[in-house]
Amino acid sequence: MAASSSLFSSSMHREMLAPKTSKCPQNFVCCHSKISYMEPNYLKQVCCPNSRFLSMNMSSKWEQMDRRDAFHCRALKTERAPTFSVGQKFQLNDIIEAQQFDRDILSAIFEVAQDMENVEKDSPDNQLLKGYLMATLFYEPSTRTRLSFESAMRRLGGEVLTTENAREFSSAAKGETLEDTIRTIEGYSDIIVMRHFESGAARRAAATSDIPIINAGDGPGQHPTQALLDVYTIQREIGKIDGIKVGLVGDLANGRTVRSLAYLLAKFKDVKIYFVSPDVVKMKDDIKDYLTSKGVEWEESSDLVEVASECDVVYQTRIQKERFGERIDLYEKARGKYVVNQGILNVMQRHAVVMHPLPRLDEITVDVDADPRAAYFRQAKYGLYIRMALLKLLLVGW
Amino acid sequence: MAASSSLFSSSMHREMLAPKTSKCPQNFVCCHSKISYMEPNYLKQVCCPNSRFLSMNMSSKWEQMDRRDAFHCRALKTERAPTFSVGQKFQLNDIIEAQQFDRDILSAIFEVAQDMENVEKDSPDNQLLKGYLMATLFYEPSTRTRLSFESAMRRLGGEVLTTENAREFSSAAKGETLEDTIRTIEGYSDIIVMRHFESGAARRAAATSDIPIINAGDGPGQHPTQALLDVYTIQREIGKIDGIKVGLVGDLANGRTVRSLAYLLAKFKDVKIYFVSPDVVKMKDDIKDYLTSKGVEWEESSDLVEVASECDVVYQTRIQKERFGERIDLYEKARGKYVVNQGILNVMQRHAVVMHPLPRLDEITVDVDADPRAAYFRQAKYGLYIRMALLKLLLVGW
Amino acid sequence: MAASSSLFSSSMHREMLAPKTSKCPQNFVCCHSKISYMEPNYLKQVCCPNSRFLSMNMSSKWEQMDRRDAFHCRALKTERAPTFSVGQKFQLNDIIEAQQFDRDILSAIFEVAQDMENVEKDSPDNQLLKGYLMATLFYEPSTRTRLSFESAMRRLGGEVLTTENAREFSSAAKGETLEDTIRTIEGYSDIIVMRHFESGAARRAAATSDIPIINAGDGPGQHPTQALLDVYTIQREIGKIDGIKVGLVGDLANGRTVRSLAYLLAKFKDVKIYFVSPDVVKMKDDIKDYLTSKGVEWEESSDLVEVASECDVVYQTRIQKERFGERIDLYEKARGKYVVNQGILNVMQRHAVVMHPLPRLDEITVDVDADPRAAYFRQAKYGLYIRMALLKLLLVGW
């Protein structure tokens, strides 16, 4: 569609190019050229697909949006100046995958997350999302992730529509497509947090939806808010990310957590990564090649004690029994190989931390919990702040 | 019970005759004679059964109600005058079946629903139901309907208690009667939205309950809010209902949606209805006879193209596979016979619309979605406004 | 840990000894010696286990708590004086079992519960818990209990995170311990209401958690809020508990309700208890011995008519079919033996009441419902007030 300076075309343009939560359409004519996060072979254009034009014929909707924009443009003048460029805001239409974040975006999100740590029962921020409605559309259960998002929304005064098991209950069972479900749910809510069993489902939902989509895990695909909270935990616990040494331990083949974390760490300077895992669940070559291409130093090791003594962060993960099928013998052998216990704590530096995405079985012994360096329950709490920050950013902007 | 002019008897009388959300008892002495929606063989008396007397012995409750009434009577004086008679309000104790609505009631509800389209995050109306609590008691899952009601309640500032699968979870599994469950839940909430697997369950619940019941579908029985939103969609999309031509397409034998819609359309003037369906799922004679008795013109046709070119509304429905049992061959044959696609759009008039209760499979092809005349996702949104209107009407009145 | 008068040690001390919702740390130095509810063999120390020290290293948390305490201490000065001693408040860290309540605590809770009966949509109290978040963590379904708690929380302006079937859905399925789950959920909420299938689970949760735990039933173990509401119902319906006669009827062997009730009644003066049950489900000796040791008069009877004519309260219970396994013949024989019907009502005194924990099958005939002495649905409503009172007491104090 050709550019135009007329008011109506400007509105149309906005619908195509602007973020779902854009405050001021005129900002966005220029922002399209500033997209900085697209790395070749990692991210296709996810914003503003053709399907967003479907709403063109709803004239009353157009009118509402114009009215709202007028209001927001006025409001904007009195807000504090954003600390970075419009082009970066553009990317927070949806949260689909870890790859969409660059270093500047991460810093900006972390700044908001840290503000969120101060939201108290009596602070004004706790009504920041009053009147907004979040739908949690979970096609497979994940109580922990769902409660974290619902808590985040409620801590900011927003409301929640819950679907705990959409796969079994919803019209999906009658054969409805994901796209049709999204078109319906977006009529009932202001933002959708979606968990799905198929890789790529979140991207499909985002392509259909007029409201923001947050990917809360899509099958073997992505779980970007987990990746963000892991990096945020390092930032908060160690105080920096540049120059740190991180040991990734456990199931490195199947854990999407460690893969996303390795990817994000590559955006920082002088990071060194150690891989410590049983032979059957080693880190795959794609991530190793990626790290090498980015100039990130990495090393495989079978000596957890030595790695633990070197690292700022020991990131332990659960060996995923469900991936071993009938080879229970292989699982049992892999499972007990690298355990974080008092012995590991004894060699770790005083400022270092143990992280874990949870749930944990016995790959970290319970006597570790009482040590100040056991950061995994704090890590879960940091996830709350990250999700509060993302909800704020997607719904009311920076 | 004999009429009486004493204060106490007046209160008793109210409990028998007055709507559950009555504002001013003295209005209702006269209203009992004005019930206008009872058509022979269609509706038995649903209001104020004997079981409502059960609460007589709770003196504190009586006192509370008297206090509230006094408050409401005062408040009433400053409200805008109602646009129609008390007798009609009387019917909105509960929403049980499409038959309870006459033309005037429909107009009045639609007027409120249109107001609801303007409820925004910052408008005062969005706190209209603050402090009210809605229980969704779903004995069979229906994510779409449940979320629509929960969104409606929350958009008006109300709160929600959710039961996603009451059949499996609740004390129903231990053999508790529906009546006992309702007596318990009404102690926890201000209104109950109920989905049940048995026809007539909603009526039984309403007969027991002191608080309003909304039937969100009772088995093969009724789904009155779907019927209301269908008629409201026609009103909003076409601008009128008198004089329109409607093509009902697909599974006319099993779809309670099209049956209820045909029933409600008969209340308007000069409506013409076309039935287009595979032979195995034709519209049953009871509805045809009813339409004839009401002087509504109707016609069966096997030519969807011709019907589509004539009609203001093409109402497509899904062939319900679950009704065919083992006769998959019959299902497959019926399924592909009448599909709304680009060819159908080509013959439809410019102002006409395609409707569908959703979920849809392939009886409407996805390329139709982008056409402004594809009204089915807007239809889902209109359902939200209808439900907001009903919740307002049942809880705080006109 | 040694006592100390320094500020920092005082804070530490509080974390160990003070209630989870303590308002003013200096009050609690003295309270530890006042614990009055510990009866030998009934209650081990449940408060302040070592695991609570785990949060010591979270300095930001400490700072937050100090700030909050400062605020609360100021607020406290303007509050009405508490009507009983600090030592009793101490016990309301968690609600774990009926044994933790003595007579004074019960009176105090009932006083708050009666205040709760007056919370209306327009009263200021209905925002008492605004900004607080309750998580319902149900490892086995109990719709009735869950809705009662969620209604209570919402009636006071609080928010709710729901897990309807934590056992199947949560990371428990992956082998996570209850303790780890609690450590995560407590990061998302301010209070946890837990239902579990294992006896003792609530106590384990309370030992781990920094926020209050309410036991909403742990397997064959305890269901303390049911016990409280039963006694509260007697108080409200009869007007006193000292000197009353109570007939416990039905399944006395398996019903934890009647066992807890018998236990609590023993705390009052001149109570007489009748046991009326089929031979296969008689009251066990432990409770009989306990009553004897407390000087409570009790008697077994097979004549329900005579007992009903004597008693202030006839407490009927359901014969639990699920306990009979394959001996359906024994169940059928036990089931019809003692039924509360019109005949029983005829001999009951005018002020007496029939109670039942619900759900009921046919052990109370439905024609009894209309009698003012049928208190069982009011009993469910009293449960709401008790739960409102407990939530208030645990979250904001007396």
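A short reminder: the numbers here are calculations on the coordinates, not readings from a lab. Note that this is a predicted model, so its numbers are computed, not measured. Here Cβ is always computed from backbone atoms with ideal geometry, including for glycine, and neighbour counts include all displayed protein chains.
A few points about this structure:
- Local electrostatic count at A:Glu198 - Lys and Arg +1, Asp and Glu -1, tallied over other residues with Cβ under 9 Å: 0
- Paired Rg and Dmax values of region A:226-380, which use every Cα atom, in angstrom: 14.4, 43
- Segment A:Asp210-A:Asp329, length gained on full extension (0.36 nm per residue, minus Cα span): 38.0 nm
- Of the GluC sites (Glu not before Pro) in region B:246-337, those whose Cβ has at most 10 other Cβ within 10 Å and which sit in DSSP loop: B:Glu326
- Peptide A:134-146 has a mean of 4 when you count, residue by residue, the C-beta atoms of other protein chains within 10 Å of its C-beta.
- Partner shielding of C:245-251 amounts to 0, given as the average count of beta-carbon atoms from other chains within 10 Å of each residue beta-carbon.
- If you take all other residues with their beta carbon under 13 Å from the beta carbon of A:Lys272, and give Lys and Arg +1 and Asp and Glu -1, the sum is -4.
- Förster radius 51 Å - calculated FRET efficiency between C:Thr292 and B:Val396, Cβ distance, rounded to 0.05: 0.35
- Using θ = phi - 60° and Karplus 6.51 cos²θ - 1.76 cosθ + 1.60, couplings along region C:111-128 (whole Hz; Gly, Pro as x): 4, 5, 4, 5, 4, 5, 4, 9, 5, 10, 3, 9, 7, x, 4, 6, 10, 4
- Starting from the label point of A:Arg350 at 7 Å along Cα→Cβ, the same points in the other copies fall at 8.1, 8.1 nm, in ascending order.
- Label reach from C:His351 (point 7 Å along Cα→C-beta): in region C:268-286, amide nitrogens under 18 Å belong to C:269-273.
- Placing a label point 7 Å from the Cα of C:Val396 along the Cα-to-Cβ direction, the distances to the matching points in the other copies come to 2.3, 2.3 nm, shortest first.
- Inter-copy label distances at C:Gln320 (7 Å, Cα→Cβ; nm, one decimal): 3.9, 4.0
- Distance from the C-alpha centroid of region B:160-208 to that of region A:321-393: 43 Å, rounded to the whole angstrom.
- Note, ³J(HN,Hα) from phi for region C:131-144, Karplus 6.51, -1.76, 1.60, rounded to Hz, x at Gly and Pro: x, 8, 10, 9, 9, 9, 10, 9, 7, 9, x, 7, 3, 4
- Proximal charge balance of B:Phe138 [Cβ under 10 Å; K/R count +1, D/E count -1]: +1
- In loop segments of region A:101-136 as defined by DSSP, the GluC sites (Glu not before Pro) with at most 15 further C-beta atoms inside 10 Å of their C-beta are A:Glu120.
- Phi-derived couplings, Karplus 6.51 cos²θ - 1.76 cosθ + 1.60 at θ = phi - 60°, listed residue by residue for region B:231-242: 5, 5, 4, 4, 4, 6, 7, 9, x, 6, 10, 4 Hz, with x used for Gly and Pro.
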